[in-house]
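The structure under discussion appears below in the form of structure tokens.
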Amino acid sequence: MAKKNEKKLTIERSVADFKLAYQAKRKLIEREKSDFLFALGEQWSDEDKEKMRASGITPVTDNRIQPNLFLLTGLERQNRADFKAFPQGEEDGLKAEIASALFKDAIRKSGYSYKSSEQFKDGVTCGESHLELYLDNTESLTNGKPCWQKIDGNSIFPDPATREYDFSDSRYVYKVKLDIAKGDLISLFPDAKKLIEKANSGKLDYTNLLKSEGTHLQKRDYSKSGDNEGTDEAHEESFDLIERYYKKWVERVFVGDYKSGEVKEAEDLETAENFVNEYRAGIENDKQLHAQAVERVAAQSAMTPGVPVEQPPAPPEQNPDRFIVIKRMVPEIWCFAHVPGIEEPLADKRAWFYPKWKQYPFIPYFARFSTAPLEGDERHLLVQGVVHGVKGAQEKHNKAEMLMLRHLNTSANSGWLSEEDSWVDQNKVKKFGTAAGVDLEYRTGKPKPERITPSPLSQAHAQIALDSAESIKAQLGINADLLAANESGGDSGRAIALRQKQGLLMVQELFDNHSRSKQIAGRFLLSQLGEIYDTETAIKVLGEAFMRKNFAPPMVANPEDPMSELVPMTDEYGKPMQYDKEMAELAIAEVLSGNLEEYDVSVGESVASETQRLANSAELTEIAKTYPGIIPPKVLIKNSQLPESVKAEILAAIQQAEEMAAQAAQTPKPGPKETR
């Protein structure tokens, strides 16, 4: 049931909202493109380049920004972290282990680490970048393969009123794809096949709609290879797709429990009311049965006077008003898709990931993000990368370097000082007077010609260039001296990590926001594990060793020798169980339900950097030395930098030694021998 007084969404209304969203972000998109070009070396204006070409000068660019971007992206790749599910309580540890194992497998399949690094690189350059999760069912109709798609900021248009990092307060978020082939569009929306086949093409009219060329928008996400790339055939019958993800308010029915405080959604109003009525009827039925039992006992007591008769137990006290039916309007995430030129929408339905994921499917990354109350053309300043703030210093540095080189070139070959008719061959002096090894002759009786001393380099320009370079370094906030390893190479991992942390203070926001984005992606992925795996595929990912360790088979007495040790229960084929399959499937099904994060586990990051792991291992070792016996040997082994196979052997040996010690402790010691 739709929200009361809510207008039906139409293509006209969607286009109007899209226009507002685009206009609110238009200046940011233009600036982001400029930042990208500037970072890649396009640092001279067209006017300056034209003036220099007219003077026969080639523009020189000393790009001090790009190496710093390489440094940041290298640090991000070197210090990648894995997804990990952390238990909320001790009883949730097993679920967290299952979720973490499936996390890692899903990340490996989807290539998330590389996509996340691409997102970080674009984000720190221009200010923003986005990822979108989708499931590819090409290979399996039941289990989708997780895939991440990087989307540029020029294709995502949120509600202009949004202020939250993750768009959680946004009424809608638009995604635009350009130049989608008709066949690809039909594969995306098979239910609208007839509408698409009738249309010739559908392109956004930027002149009338957005008052812009529109060439900056991201092209389609499909393969661009092929013989027709760049030809007219490649653009025939292509479409520009507009997808609007929005919050649609619908009425939902819930059942509230006053005793436990839980509120659960019901299928519909009738189901909720039937549940409450059955609960109340059960209470009344228990009272009637108790009254009947009391009457029977009284009748029996009257028939056998003097014989004590036990009274029936009273039914447990239950509150008939324990459950309550609640009706609420809740927002669902829907997707409204349309194409210019087609009068009907291609889709208007609940998003594929809802209700397991109740936010938008886009994972934003903003390098520097602010919610300051700026409006209009100033709003683009709320989102920035590292490039925008240093453009002025970089341009000043380039111009100072250019003027210094020009001054050097014009003054280096300054000529000769001589009297008139001093040279024997005047033309030779003009052509080769500055060449190395040339022999020049002057007339007898004439004073010896003297080379004019070149003017010294402009110290002012050199100082300006030097100051500009330092200004770029200061504004970027990256201390490369602290980030580099000591030349001696003898620093520990902890010392290197600490020095890097000190060198990243001014750019810590870039990495914190990236971590924030990764946690959003992790929660999204956690909610969709049930669409990626079923119990059978999850068991294959976890492995037999994990199943045997965490789901021990039920032990029963040996039917052939009841006095012997217990043996594993047999399965339906009569073979001993390797693990308790029923309990394993129940635990895995709960992880795949999509509601695990709400109650049992939270998503975080675990250390994946070799340097950081080395630092942690060294710190644990020092604590173990300072406080002997506090840290178990198993913890030290697990956090060491030994190969996994060696760790497994050592842990197995420790386990065996502990079991032998326990058996020895349980064995009674022989008493002293009797002496006569």
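The values are calculated or read from the model by the stated rules, or taken from the named source; none is laboratory data. Since this is a predicted model, take the numbers as computed values, not measurements. Positions of Cβ are generated from backbone atoms using ideal geometry, with glycine treated the same way; all protein chains shown enter the neighbour counts. Surface accessibility is based on the protein's heavy atoms, side chains included, excluding ligands, DNA and RNA. Shrake-Rupley method; radii C 1.70, N 1.55, O 1.52, S 1.80 Å.
Evaluating D257 against the criteria (1) under 30 Å from P355 (Cβ atoms); (2) among the charged types (D, E, K, R); (3) modelled with pLDDT under 85 leaves one unmet condition, (3). In segment 1-85, counting only helices (runs of 4 or more DSSP H) that sit wholly within it, the ones holding 1 or more residues that are open to solvent by 30 Å² or more (accessible area, probe 1.4 Å), within 30 Å of E343 (Cβ to Cβ) and in contact (Cβ under 8 Å) with a residue 40 or more places away in the chain span 11-39.
Suppose we filter K95, K109, K121 for residues that are open to solvent by 20 Å² or more (accessible area, probe 1.4 Å), in contact with a Cys (Cβ under 9 Å, 6 or more places away or on another chain), part of a helix (DSSP H, G or I) and not aromatic (F, W, Y); which single one remains? Explain how you work it out, then say what you get.
Details: K95 fails: in contact with a Cys (Cβ under 9 Å, 6 or more places away or on another chain); K121 fails: in contact with a Cys (Cβ under 9 Å, 6 or more places away or on another chain).
Exactly one of K95, K109, K121 is open to solvent by 20 Å² or more (accessible area, probe 1.4 Å), in contact with a Cys (Cβ under 9 Å, 6 or more places away or on another chain), part of a helix (DSSP H, G or I) and not aromatic (F, W, Y), namely K109.
For K581, the stated conditions do not hold, so it cannot be described as modelled with pLDDT of 80 or more, basic (K, R) and loosely packed, with under 14 Cβ neighbours inside 10 Å. Considering P320, P308, P331, the condition of being farther than 26 Å from D152 by Cα and in a strand (DSSP E or B) is satisfied by P331 alone.
Output the residue which, of all residues in segment 152-165 that are of a type in the set (D, E, K, R) and closer than 18 Å to P373 by Cα, is least open to solvent (accessible area, probe 1.4 Å).
Going through segment 152-165, the residues of a type in the set (D, E, K, R) turn out to be 152, 159, 163-164.
So of that shortlist, the ones also closer than 18 Å to P373 by Cα come out as 159, 163-164.
Values: D159: 8, R163: 62, E164: 86 Å².
Taking the candidates together, the pick is D159.
Looking across segment 511-552, the residues that are free of Cβ contacts under 8 Å to residues at least 12 places away in the same chain and open to solvent by 50 Å² or more (accessible area, probe 1.4 Å) come down to D512, E536, K540, A545, K549. When we screen A393, A400, A465, A474 for residues that are in a helix (DSSP H, G or I), among the small types (G, A, S), in contact with a helix residue (DSSP H, G or I) (Cβ under 8 Å, 6 or more places away or on another chain) and modelled with pLDDT under 80, the only hit is A465.
Answer with yes or no whether K121 is in contact with a strand residue (DSSP E or B) (Cβ under 7 Å, 6 or more places away or on another chain), farther than 21 Å from A347 by Cα and among the basic types (K, R).
Numbers: in contact with a strand residue (DSSP E or B) (Cβ under 7 Å, 6 or more places away or on another chain): no; farther than 21 Å from A347 by Cα: yes; among the basic types (K, R): yes.
No: the conditions fail for K121.
Checked against the criteria, K349 counts as surrounded by fewer than 15 Cβ atoms within 10 Å (Cβ to Cβ) and closer than 30 Å to G202 by Cα.
Does N143 satisfy being at pLDDT below 90, within 30 Å of H338 (Cα to Cα), touching a Phe, Trp or Tyr at 6+ places or on another chain (Cβ under 7 Å) and open to solvent by 20 Å² or more (accessible area, probe 1.4 Å)?
Details: at pLDDT below 90: yes; within 30 Å of H338 (Cα to Cα): yes; touching a Phe, Trp or Tyr at 6+ places or on another chain (Cβ under 7 Å): yes; open to solvent by 20 Å² or more (accessible area, probe 1.4 Å): yes.
Yes.
Within segment 432-458, residues that are under 22 Å from R406 (Cα atoms) and part of a loop (DSSP other than H, G, I, E, B) sit with their Cβ atoms under 8 Å from residues that are among the aliphatic types (A, V, I, L, M) and at pLDDT below 75, at 6+ positions apart or across chains, in these pairs: P454/A412; L457/L408.
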